[in-house]
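The structure appears right after this line, and notes come after that.
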Amino acid sequence: MIGAIFRCLIVFALCLLPQTAFGRSAMDASAPDSAPGISWQTHGQLTFPFEYFKQHIYISVTLDGKPGYIFMLDSGANRNVLNLRTARKLGIQSGKLRQERNVGFGDGPIYTASRQYVDAEMDSIPIASEMSVMDLNQFELHFSHPTDGILGFPFLQRFVVKLDFQRKLLSMFPARQYVYRGLGVRVHLESRRGFVVIPVIIGSSRYVNHQAKVIVDTGSNVTLMLYEHYVHELNLESSLMHARAGKAYGLNGYYAVDLGSIHSLQIGDAEAHNVPVDYMQPGEEIHPGRDNVGSIGNGILQSFQAVIFDVPHRQIILEVKPPQLEPGDVRTKTNGP
């Protein structure tokens, strides 16, 4: 879920090994029509700019025919959310607020109301019709950015969504017609209700590696977050021992973490070394996705050229940045003039 760490993330390099497919899955014949009533023959790909503010992704959405509402894209959220302030502005009677647990990280209360129907669109394409109403006032104040709502996993189920971190562009494709033909690293998605879950390999040393499953969370600016009760299983006792105490901020407010690093993290055929890790302390482990070892956030996703969420076909595709030529480097041309 949403989180922000008050520290500088260690700069690390992603190295691409030979680009073979990892967990390639068959096309899902039951993939939903992305937008009933809309002709994707004339809208084969829709591309929108996004704002990347404090390593969070914000896009503009039209609500009930009124443009200019700002939503955060959060693949770690299992629902779409409408801010209480925005709901009132739209004239929506949300009813009585109630405190809810296991919504996100943090030790403060979060207040929600009943789900409401709202017409959410991007370029006349329907992207959501039902949203949970939450009071995001403190969340807005903390990040100093207007937030009318959150687009979560239900949005990703409707479309294939590409995030181009280099050009700050979000592209949507109709799920049924989409076929990827690039050279990106394909990673199979686990069938977990409400979350984007992928397999990774966590290296505690050069010689010790463990397979694990993590949530892919675009609502978080961390690189890697791990629950401390998996430390022994992953042979990370030494890493935790040298970690330092810190704090992070989530949907529910502040929560305690231990800040350390691990030897390596491998996603498909892409591998990063000396990776920053935020260990979630046992008392803070309230997230509904805690049956996974943790999550990866924009701290690592931004290191790719682009990330493609193809949830309808149960895959995520990671496009690696092309290597940068240093002065004096020579590149051999094999084709073209």
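Structure above, values below:
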{"read-out": "Amide H within-cut-off set for Gln281, under 5 Å, with H built and near neighbours excluded", "value": "Asp258"}
{"read-out": "P(r) of the range 46-174 over all Cα-Cα pairs, binned every 10 Å from zero, in whole percent", "value": "12, 46, 34, 8, 0"}
{"read-out": "Karplus-derived HN-Hα couplings along the range 64-76 (A = 6.51, B = -1.76, C = 1.60, θ = phi - 60°), whole Hz, x at Gly and Pro", "value": "6, x, 10, x, x, 8, 9, 10, 8, 8, 9, 5, x"}
{"read-out": "Sum of side-chain charges, Leu240 neighbourhood, beta-carbon under 10 Å (Lys, Arg +1; Asp, Glu -1)", "value": "-3"}
{"read-out": "Segments 233-240, 192-199, 293-300, 145-152 sorted - mean Cβ within 10 Å per residue, highest first", "value": "293-300, 145-152, 192-199, 233-240"}
{"read-out": "³J(HN,Hα) computed for each position of the range 122-137 - Karplus, 6.51 cos²θ - 1.76 cosθ + 1.60, integer Hz, glycine/proline x", "value": "9, 6, 6, 8, x, 10, 6, 10, 10, 9, 7, 8, 9, 7, 9, 4"}
{"read-out": "For His145, net neighbour charge (Lys/Arg +1, Asp/Glu -1) across residues whose Cβ lies under 13 Å away", "value": "-2"}
{"read-out": "Violating pairs (Cα-Cα greater than 30 angstrom) within the set Lys54/Lys213; Lys89/Lys213; Lys66/Lys168; Lys168/Lys247; Lys66/Lys247; Lys162/Lys213", "value": "Lys89/Lys213; Lys66/Lys247"}
{"read-out": "Residues with amide H under 5 Å from that of Lys321, placed H, sequence gap 5 or more", "value": "Gln305"}
{"read-out": "Unit charges on C-beta of K, R, D, E only; dipole of the range 154-252, Debye", "value": "540 debye"}
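Every number in this text was worked out from the coordinates using simple rules, so none of it is lab data. Quantities reported herein were computed from a predicted structural model and do not represent experimental measurements. FYI the Cβ positions are ideal-geometry reconstructions off the backbone, even for glycines, and counts take in every protein chain you see.
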